[in-house]
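Each remark here refers to the structure printed beneath this line.
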Amino acid sequence: MEEIVSGVHVWHAQHDGIGMTVHSAYVAPARALIDPMLPPGGLEAIAALGEPERILLTIRHHYRQAAPFVEAFGCSVHCHEDGLHEFADGPAVEGFRPGDEVAPGIVVQEVGAICPDECALFIADAPGTLACADGVVRWHEGDPLGFVPNGLLGDDPEGVKDGLRAAYARIADELEFEALLLAHGGPMASGGREALAAFARGS
């Protein structure tokens, strides 16, 4: 694990269900996991930073390996209310809405476009951090920000891209943050706001 900014710890792990590496985070001051896979060192590595209390999903598909954390620490799990249908038959997940403070200092930002429950999470503690779901990715270290393949963007990929650009342009304009966390791609410790704004402009 790497502490990318104070209190925000990130790691990557192989997701066998989709056959690729994905990224997760733990915001220790808020006791909040984001889109968790088990980190190197397992549950003990997270417990050493302070036992987590809640798990936040940036999109309903990112339940990932939340179950071991729920079992070990009694964490509650939360996703956008428009994604709760995914969990109608379990496991237990609670809904949130854009604008909700879902953990101390973490506020939900509306994104949508790909699906109604796509969101971002703004971590307000200086220097500010934004965690994104599937709307923006970075497949390799040093790559610019990009979109997932068109085949994952529904029947109107260009319309979805326009919606994502508009959402991220608004977020980059309204919020102050330096770090950018991606569910699919390496994090940026600095320059994240500028990179997201450039991505939203299509440059």
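The values are calculated or read from the model by the stated rules, or taken from the named source; none is laboratory data. Keep in mind the model is a prediction, meaning the values are calculated, not measured. Cβ sites come from the backbone with ideal geometry, for glycine too, and all protein chains shown count toward neighbours. Areas reflect the complete protein model, heavy atoms only, side chains present, ligands, DNA and RNA absent. Shrake-Rupley method; radii C 1.70, N 1.55, O 1.52, S 1.80 Å.
Tell me, what is the per residue accessible area of the stretch 77-203 in Å², probe radius 1.4 Å? Don't jump to the answer; show the numbers that get you there.
Details: 5740 Å² over 127 residues.
Value for the stretch 77-203: 45 Å² per residue.
I'd like the carbon and sulfur percentage of the solvent accessible area for the stretch 5-146, probe radius 1.4 Å, heavy atoms only, ligands and nucleic acids excluded.
Values: 2910 of 5940 Å².
Carbon with sulfur: 49 percent of the solvent-accessible area.
Remark: spin-label model distance His85-Glu3 equals 4.3 nm, labels positioned 7 Å along the Cα→Cβ axis.
Compute the helix-to-body angle for 192-201: its Cα long axis versus the longest principal axis of the chain, expressed 0 to 90° and rounded to tens. The two axes meet at around 40 degrees. The stretch between Asp100 and Leu152, if pulled fully straight at 0.36 nm per residue, gains 15.9 nm over its current Cα-Cα span.
Here Ala166 and Ser76 are evaluated by their C-beta separation; at R0 = 25 Å the FRET efficiency comes out at 0.20. Please work out the Cα convex hull volume for the chain and give it in Å³ per residue. It is 110 Å³ per residue. Separation of the stretch 83-128 from the stretch 9-25 is 19 Å, based on Cα centroids.
When the Cα positions of Ala67, Cys119, Ala13 are compared along the charge dipole of the chain, Ala13 comes out farthest toward the positive end, with charges on each C-beta of Lys, Arg, Asp and Glu.
Working from label points 7 Å from Cα in the Cα-to-Cβ sense, the Ser190 to Glu51 distance is 3.8 nm.
Here His140 sits with roughly 120 square angstrom of accessible surface, probe radius 1.4 Å.
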